1. Counting only Cβ atoms, what residue of chain A lies nearest to the axis that sends chain A onto chain B, and how many whole Å off?
2. Hey, quick one: spin label on A:GLU94, modelled 7 Å out along Cα-Cβ, who in region A:160-187 has an amide N within reach, i.e. under 17 Å?
3. Identify which of B:ASP64, B:ASP11, B:ASP138 has the largest mean-square fluctuation in a Gaussian network model of chain B, with springs joining Cα atoms closer than 10 Å.
4. Which of the three applies to the protein assembly as shown, rounded, prolate or oblate, going by the alpha-carbon gyration tensor with a ≥ b ≥ c and a/c under 1.5 meaning rounded?
5. Any idea what the relative contact order of chain B is, in percent, if you count C-alpha pairs under 8 Å spaced at least 6 apart?
6. Rounding to the nearest 20 debye, state how big the charge dipole of chain A is about its Cα centre with +1 on each Lys and Arg Cβ and -1 on each Asp and Glu Cβ.
7. How many nm separate the modelled label positions at B:VAL32 and B:LEU198, each set 7 Å beyond the Cα in the direction of the Cβ?
8. Please list, ordered by chain and number, the residues whose modelled amide H lies under 5 Å from the amide H of B:LEU153; skip anything fewer than 5 residues away on the same chain.
Number of protein chains: 2
Amino acid sequence: MNSPIQSKATDKQRQILTIAQPIILGKGFSAVGLNEILKTAGVPKGSFYHYFESKEQFGCALVDHYFEQYLTNLDRLLSDTKLTATARLLTYFEQWKTTQCDDTSQDKCLVVKLSGEVTDLSEGMRLALKKGTQAVIDRLSLCLAEAAKENKLNLGNTKTVTEELYYLWIGATLMTKVHNHPQMLEVAMHALESKLNLHQH
Amino acid sequence: MNSPIQSKATDKQRQILTIAQPIILGKGFSAVGLNEILKTAGVPKGSFYHYFESKEQFGCALVDHYFEQYLTNLDRLLSDTKLTATARLLTYFEQWKTTQCDDTSQDKCLVVKLSGEVTDLSEGMRLALKKGTQAVIDRLSLCLAEAAKENKLNLGNTKTVTEELYYLWIGATLMTKVHNHPQMLEVAMHALESKLNLHQH
């Protein structure tokens with residue numbers, strides 16, 4: 001089931017989703033009970049189904065809501081004409097590194113947190129994650145093509161190179177959680193800089 | 001808590017862990033009840049704590065047991081002197097691609113499945129995942145150094161290159177789950193072949 005929430009989530013639904021996000025980012029999807037979310041959101045127990053059809057539909061809405069904010073921020077950065085395309089890309093990945101290494105960050109990656117757990121459990125959540133990650137890759141790919149022109153780099157198919165970089169960063173973020181150490185994202189940053197030919201030879 | 005199970009798991013513990021693995025690979029850690037595992041293993045309800053101290057310790061033992069088998073298979077492949085180091089590396093990643101793309105595979109990656117979910121929930125499981133992934137990277141790194149020599153490639157620090165490849169493959173595997181499509185692992189394979197300079201220019 002794909003969520004119909006994205007475009008017409010009510011203020012109350014958005015409030016619940018905003019409050020739920022850090023809880024889910026900490027504990028995952030299955031381990032969090034609806035009562036914990038409702039209690040934190042100050043919504044009366046038993047009223048969950050007034051706002052969401054099911055926990056799965058809530059999960060789909062959560063992913064959609066996450067990407068709505070994520071893509072708004074990404075679009076703002078990528079349309080900043082004061083920066084070169086190279087600087088926009090580097091800023092994006094610098095922010096990625098900073099937010100994912102900081103234990104107190106409220107901006108941890110929901111894709112890294114949930115994808116392993118929920119893609120086998122919910123086709124709707126899988127599709128919401130697919131739509132969101134595809135939208136991120138599409139935007140980054142356009143920016144990388146521009147950065148390649150700026151730096152006169154022949155990267156080949158920039159869509160494929162963007163996918164490779166995105167998967168690397170997703171994997172490095174997952175390993176940063178496992179190792180509780182930022183070194184994995186430094187490896188990913190080094191690989192990005194190499195692709196953009198920013199290292200001195 | 002780090003698991004003491006690895007070296008002295010009893011036959012019964014191993015039997016339970018072997019039966020539990022595909023269940024956890026499908027549903028994740030939190031969503032699976034102990035009763036489901038015990039029922040499938042034919043172990044009397046209520047006897048779980050005879051075999052494991054807690055669900056967390058069971059989780060640590062599950063990860064250790066997974067890596068015990070994984071590293072045995074990896075060592076067998078990497079010590080196959082009939083193959084060049086390059087062929088050994090390619091065989092490893094070909095097997096990775098095949099097993100992770102096949103929906104019916106019993107050999108899905110437990111690191112990709114569990115890391116996002118459990119690293120925030122259990123320090124013991126996080127440490128077991130850290131120890132296991134580090135052991136995989138160490139082995140692959142030695143093989144990559146040998147492959148670089150064979151192909152007269154100057155890869156720089158082969159440990160860092162191995163880490164980059166491993167994170168890329170972990171991320172591509174996670175995205176293969178999200179997109180339910182093997183294309184992500186084809187991107188990862190192409191990147192590996194490029195590193196090894198196997199593409200014609």
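The values are calculated or read from the model by the stated rules, or taken from the named source; none is laboratory data. Given the structure is predicted, the values throughout are model-derived calculations rather than measurements. Quick reminder, even Gly has a Cβ in these numbers, built from the backbone with ideal geometry, and neighbours come from all protein chains shown. Calculation scope for accessible area: heavy atoms of the full protein, side chains included, ligands and nucleic acids excluded. Shrake-Rupley method; radii C 1.70, N 1.55, O 1.52, S 1.80 Å.
1. Axis-proximal residue of A, distance in whole Å: A:GLY171, 1.
2. The answer is A:185-187, whose backbone nitrogens lie closer than 17 Å to the label point.
3. Ranking B:ASP64, B:ASP11, B:ASP138 by mean-square fluctuation puts B:ASP11 first.
4. Because a/c hits 1.5 or more and a/b fails to exceed b/c, the protein assembly as shown counts as oblate.
5. Result for chain B is 23 percent.
6. In total the dipole reaches around 240 debye.
7. 3.2
8. Hits under the 5 Å cutoff: none.
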